[in-house]
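One structure below.
The values are calculated or read from the model by the stated rules, or taken from the named source; none is laboratory data. Computed from a predicted structure; not experimentally measured. Note that we place each Cβ from the backbone using ideal geometry, even for glycine, and neighbour counts take in every protein chain shown. Calculation scope for accessible area: heavy atoms of the full protein, side chains included, ligands and nucleic acids excluded. Shrake-Rupley method; radii C 1.70, N 1.55, O 1.52, S 1.80 Å.
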Amino acid sequence: MPDTLTVTDNRTGKQYEIPIKDGVINATALRQIKTGADDIAGLATYDPAFMNTASCRSKITFIDGDQGILEYRGYPIEQLAEHSTYLETAYLIIFGELPSAAQLKEWTTQITFHTMLHENIKKLMEGFQYDAHPMGVFLSTVGAFSTFYPDAKKIFDEASRKKQIHRLIAKVPSVAAYAFRHSIGRPYIYPDNDLSFTGNFLNMLFRMTELKYKADPALERALDVLFILHADHEQNCSTSAMRGIGSSHVDPYSAMAGAAAALYGPLHGGANEAVLRMLNEIGSVQKIPDFIKRVKAGEGRLMGFGHRVYKSYDPRAKIIKKTADEVFEVTGKNPLLEIALELERIALQDEYFVTRKLYPNVDFYSGLIYQAMGFPVEMFPVLFAIPRTSGWIAQWEEMILDPEQKIARPKQVYIGAPRRDYVPLTSRS
Ligand code: CMC
C-alpha cells in the first residue's frame with residue numbers, strides 16, 4: 001500500500017494521489033487541483049499562525065508534546081541539564097555532535113577570545129536613554145554588529161559563518177551585561193576570560209570594586225542549567241523569524257536582531273515576567289482560591305501554566321523546579337515561592353486544569369529564580385536571548401544550507417475591494 005493521501009474533487013469527480021513523507025504532504029502537490037476553469041495557481045492551504053504547517057525539515061531539536069519529551073540532536077534535555085554545560089550544549093546544537101575534549105577546548109578558547117566588544121559598540125550603547133529597556137538595547141546592538149562585521153555578508157563561506165558563530169555566542173553576554181549596567185547607571189565591566197561562560201557573565205553584571213569577581217558556584221551552575229534549557233525549542237516565533245529573515249540572505253546579525261525582536265513580545269519571551277506580576281497581585285496564599293475561581297470563570301489566565309505543544313508536562317519545568325531549590329538555598333527563599341507552590345498544588349488537583357491538560361511550563365519558576373538572583377524583570381527576555389542565540393544560529397545555518405529552502409514568501413487570500421478606478425480628490429465625498 002503506497003503512503004499516499006487520496007483526494008477526491010467532488011466537483012469534477014477527479015482523484016489525486018498526494019504522497020505522504022515523514023508524516024506530511026507537500027502543500028505544493030495540491031496545486032494540481034484547480035478551483036475553477038481560470039485557476040492557474042491551483043488549490044492552496046490556509047493556515048494562519050502555522051498551526052499545522054511544517055516550514056522545514058530539521059535535525060536540531062525534537063519535541064513530543066504529548067509525552068513531554070525535548071531532545072537536542074537526540075540527547076534528552078534531562079541528561080544535558082544534569083551532565084553538560086551551556087557551552088558544550090551550544091556546540092552540540094550548532095555542530096550536531098558532542099565535542100571531543102580537544103574540540104571543546106578549541107571552542108571554549110574561540111568563545112573566550114571573542115567576548116570583548118568594540119569600543120564603538122560601547123559608545124553606541126551609551127547613546128541610549130538611561131531608562132532604555134535592556135531588550136531594546138540588546139536587539140539594536142545585535143543589529144548594529146552587522147555594520148562592524150561586514151564580512152558576515154559572506155553567508156555561503158563556511159569559515160566566515162564560523163567566525164560569526166563564535167562572535168555571536170561570545171558577545172551576547174557582554175551586550176546583555178552592558179545593557180543592564182547602563183540601565184542602573186553603573187560603569188561597564190570588561191570580560192574576565194579566566195571565568196566560565198556564566199561566571200564571566202555574572203562578573204560583568206554584578207562586579208563592584210573588588211579586583212576579582214567570583215560568583216557563588218551554585219548560582220553559576222543554576223544559570224548554566226537555565227541556559228541549557230532555553231538554548232533551542234524548534235520552530236517557535238523567534239526562530240521562525242530568524243529563518244524567515246535569513247532566507248533573504250541577509251547577514252546573521254540583521255536576522256538575529258529580528259529574532260530578538262520577536263522574543264521581546266509578551267506572548268513569547270515575556271511570560272515569566274507575567275508570572276511574577278500575577279504572584280504579586282495574588283499577594284497571599286489565602287487569596288489563591290478566589291484567584292483560581294476567577295481564572296475558571298474566564299477572567300484571566302493562570303500565567304506559567306499551559307503550552308501550545310506540551311500537553312502532558314513541560315520537561316523543562318521539572319528541571320527548573322529542582323534548580324529553584326538549589327538557588328533558594330543560597331539566596332534565601334523568594335517570598336513569592338510559597339504562593340507559587342500552593343497555586344501549583346491546587347491547580348494540579350483541579351478538574352478545570354486537569355481536563356484541559358494545563359501544567360506548569362518553563363516560565364512558572366524561571367522568573368522566581370531570576371528575581372532571587374538579583375535580576376530586574378526587564379532583564380528576563382535578555383536572559384532568554386543569550387542561550388537562544390545558539391538555537392537561532394544553528395537553525396539559520398541549517399536553513400542556509402538546505403537546498404529545499406527559498407526566500408520565505410507565504411501566500412495570502414485576498415479579501416479586499418475588487419478592481420476600481422482612481423477617484424480624484426475633488427470628486428471624493
Ligand atoms: N490558564 C487558564 N486557562 C487556560 C490557560 C491558562 N494558563 N491556558 C489555556 N487555558 C484554557 C483556555 O481558556 C482554553 O479553555 P476552553 O477550552 O474552555 O476555551 C483551553 O485551556 C485551551 O487553551 P488554548 O488557548 O487553546 O491553548 P493554546 O495551546 O493556544 O495556548 C498558551 C497555549 C501557552 C498560550 C496558554 O496555555 C497560555 O496562555 N498560558 C499562559 C501564558 C504562559 O504561561 N505562556 C508561556 C508559554 S511557555 C513559553 C515557551 O515555551 O517559550
Checklist outcome for this item: Within the range 174-202, the count of residues that are free of Cβ contacts under 8 Å to residues at least 24 places away in the same chain and closer than 17 Å to L226 by Cβ comes to 2
Item to check | Yes/no for D251 being farther than 28 Å from Q371 by Cβ and surrounded by fewer than 20 Cβ atoms within 10 Å (Cβ to Cβ) | outcome: no
Checklist entry - Pairs under 6 Å by beta carbon, first residue assigned to a loop (DSSP other than H, G, I, E, B) and of a type outside the set (V, I, T) in the range 350-371, partner open to solvent by 20 Å² or more (accessible area, probe 1.4 Å) and near the ligand (Cβ under 7 Å from one of its atoms), six or more apart or different chains? => result L358/F305; N361/H307
Checklist outcome for this item: Inside the range 305-318, the number of residues satisfying the requirement of being more than 7 Å from the ligand (Cβ to nearest atom) and touching a helix residue (DSSP H, G or I) at 6+ places or on another chain (Cβ under 7 Å) is 3
Checklist entry - Checking Y310 against (1) assigned to a helix (DSSP H, G or I); (2) touching a residue at least 60 places away in the same chain (Cβ under 8 Å); (3) crowded, with 20+ Cβ neighbours inside 10 Å, which test does it fail? => result (1)
Next on the checklist: Return the pair list, or none, for Cβ contacts closer than 7 Å from residues in the range 263-274 that are over 15 Å from P360 (Cα atoms) to residues that are small (G, A, S) and near the ligand (Cβ under 7 Å from one of its atoms), at least 6 apart or on different chains.
Outcome noted: P266/A274
Checklist entry - Looking at this structure, is P360 touching a Phe, Trp or Tyr at 6+ places or on another chain (Cβ under 7 Å) and farther than 30 Å from D131 by Cα? => result yes
Next on the checklist: I'd like to check something: does the range 294-304 contain any residue that is within 11 Å of the ligand (Cβ to nearest atom), within 20 Å of the chain's Cα centre (by Cα) and modelled with pLDDT under 95?
Outcome noted: yes
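Could you list, in sequence order, the residues of the range 196-228 that are assigned to a loop (DSSP other than H, G, I, E, B) and surrounded by fewer than 20 Cβ atoms within 10 Å (Cβ to Cβ)?
Quick first cut of the range 196-228, residues assigned to a loop (DSSP other than H, G, I, E, B) only: 196, 207-216.
Answer for the range 196-228, where residues must be assigned to a loop (DSSP other than H, G, I, E, B) and surrounded by fewer than 20 Cβ atoms within 10 Å (Cβ to Cβ): M208, T209, E210, L211, K212, Y213, K214, D216.
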